[in-house]
Amino acid sequence: SESPSSVGHVPNGRWEFDESVTKCFDDMLWRSIPDYMHMRSLVYEMGKRAFDGGQRGLVVDVGCSTGGALSPFADAGHECLGLEVSEPMRRAAAERYASRPNVRIVGCDLRSEWPVKPDSARLVQSVLTLQFVPVERRPRILRNVRDSLVDGGMLILVEKVMSDDADAQDVLVDAYHAMKRAHGYSAEDIEAKRLALEGVL
């Protein structure tokens, strides 16, 4: 079995969703995001409500990475579309669903592309994606999401936020770093990732 220090990827430079990150991405998520599995479960439980009346419709995952958040919707038989700009991530997601005709993974740069037809999606989920998009590009993406949703459709948006209060922010960051250390990251790993994400996140 692998030790915590050998699992995951700590970048040496600017953060990128490249091949090395893709290989350890699913492991990195639960080790780096507080209550990650609970959050994923909540997204699915909330998203199911878009289909409460037995409606059928498209589920779109904005920035689907390796495709994990689409899995419960795909298992339930919904038509799913994953949008992903990173080619290694897109390939991993496409391989994951290669035998699933109800799932399509598309390479897409959200800053300039939107391959979803108007009034076609019943659910759009954007989980920790917009934080990697420059602030000035986000309104266009959200307008595209709005236009693609059917009447009564749903957007589930999950993002990191910062506190307006510096002391409160410090407390939250300290708790976050303590969680990462408990999941096997060293202080050096945490600092390297923080530096790699500067100007990216």
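Summary table
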| read-out | value |
| --- | --- |
| 3J(HN,Hα) from dihedral phi, the range 79-93, Karplus parametrisation 6.51/-1.76/1.60, rounded to Hz, x for glycine, proline | 6, 10, 10, x, 10, 8, 8, 6, 5, x, 5, 4, 5, 4, 5 |
| Solvent exposure, largest accessible area first (probe 1.4 Å, DNA, RNA and ligands not counted), of 141, 105 | 105, 141 |
| Normalised contact order of the range 48-147, rounded percent, pairs of Cα under 8 Å and 6 or more residues apart | 31 |
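The values are calculated or read from the model by the stated rules, or taken from the named source; none is laboratory data. Keep in mind that what you see is a predicted model, and the values were worked out from it rather than measured. Keep in mind that these areas ignore ligands, DNA and RNA; they rest on the heavy atoms of the full protein, side chains included. Shrake-Rupley method; radii C 1.70, N 1.55, O 1.52, S 1.80 Å.
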